[in-house]
Amino acid sequence: MSGNDVLDEVFDHFTGQAIVFRDREVLRHDYVPGRLPHREEQIQRLGETVAPILRGERCSNIFIYGKTGTGKTAVTRHVLSRLEVKAKELNAPIRLCYVNCRMVVSEYRVLATMCQSVGLSVPFTGLSAGEVFDRFRAELDTSKVVFVVVLDETDALIKARGDNLLYELTRVNETMNRSKVTVIGISNDLRLKEFLDPRVLSSLSEEEMVFRPYNADELKNILLERARLSFNENVLSDAALSLCAALAAAEHGDARRALDLLRVAGEVAERRGACTVTEEHVREAEKHIEHNRVVEALRNLTLHSKLVTLSVYHLNGKAPQGAITGEIYEVYNELSGELGVTPLTQRRLGMLVNELDAMGILNAKVVSMGRYGRTKKIRLEVARTQIRDVFSDDSRLGLLVDYAPKCLSKQTRETNA
């Protein structure tokens, strides 16, 4: 059978079968529902914080913390969309700008996005970040507005580029006469404060909100509301819905993961021509998502986190039981030199190891060495084949996957001696 015949068969099967979904887009991460169950308290508090903007006043800077899938972005977008509607009714001059710092990974691109939101065009490259910021500030001050910038996943920008942009934004009001700026930062990393200069911290964290994870019952309520909009009647079994909620609750109460499980389970049922989404479809969806999630997590790591992971990858090839921080730092230094990038300090590398451990990419376990005390042994938590597959496709790291670090031979000789 030719490729075209196979595709015709696939497409005919799809269009001729029972329809599972009414609107699968409702289960996407970027869908913002009209109601956000179990986040009423956070909505009210954020609304009270930004309300002064409607009188042309600058509100406090806000920093919102919480693990992935706890509703931080959805609540922020919901509140600001309602704020924008109310501002139009009252003719209040406000301007909103939303930036996902994981997608826009450089200071320059963040500034360019902010410039676009005030009607200022800047070249894609060619200017210094300082020059772009000066242009943004001058244009904004002529607009006579309250400017609210949401920096989602701020931790990704700070870990990759430092906190200079945040410092400039928290001080910009001192240099403007007619406009005002409020910063809303959203972070998945509860330890973000450790990376901030004290001057930035004192200015930025005027108000803080922490979003706790959802429990299984809350997740089930969220899924139930979305399911009514996304699935046709009598398609989704209650057992499948409960399993999606339970699996996501067991892993940090992540609503995004619960929605992904539900959507992919529906797609699995659809491909099989099933009329009902069952627990079996959810289990299959879980396996599929787990593989894709690890790949996505590896691809989205910062350069130095990738180098640390690759260092452990090389060390685990020689010592599967795990390596200590000093050994990792030696390999990391060599790999950084091969790429021509300045290595971080060993203390900073230790913090990256802790982050990768929290993400489930590395496993850092304290073990007893008898009379030699205790030490931390670090090894890969994901399959070596996944590391190889993802990093081999990386334009910068591809050549380092099969690289043989010279320091490893030295470490082996010293161990044998």
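What the table below lists for this structure:
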read-out	value
Cross-link reach list, lysines versus Lys88, counting only Cα pairs under 22 Å and skipping chain neighbours closer than eight places	Lys144, Lys180
Rel. contact order, % - alpha carbon contacts under 8 angstrom, at least six apart, the chain	16
About the Cα centre, charge dipole magnitude for region 35-143 (Lys/Arg +1, Asp/Glu -1 at Cβ), debye	420
DSSP-defined beta bridges in the chain - what % are antiparallel, rounded to 5	25
Cross-link partners of Lys72 among aspartates and glutamates (Cα-Cα below 15 Å; sequence separation of 8 or more within a chain)	Asp30, Glu40, Glu41, Asp152, Glu153, Asp155, Asp189, Glu207, Glu208, Asp254
Summed residue charge, Cβ within 15 Å of Asp141's Cβ, Lys/Arg positive, Asp/Glu negative	+4
Inter-centroid distance (Cα atoms) of region 290-337 relative to region 71-116, Å	35
Spatially proximal lysines relative to Lys67 (Cα-Cα < 16 Å; intrachain offsets below 8 disregarded)	Lys193
Listed residues Phe211, Phe195, Phe124, most fluctuating in the chain (Gaussian network, C-alpha, under 10 Å)	Phe124
Pairs of Lys in region 301-416 closer than 18 Å at Cα, counting only those 8 or more apart or on different chains	6
Which label in (i) 0.93; (ii) 1.03; (iii) 1.13 gives the computed Cα Rg over 2.2 N^0.38 Å	(iii)
Mean Cβ neighbour count within 10 Å, used as a protection proxy, ranking 159-170, 144-155 highest first	144-155, 159-170
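Read-outs throughout are calculated quantities, based only on the coordinates presented, and are distinct from any laboratory measurement. What you see is a predicted model; the values in this text were computed from it and never measured. Every residue, glycine as well, gets a Cβ built from its backbone with ideal geometry; the counts of neighbours run over all protein chains shown.
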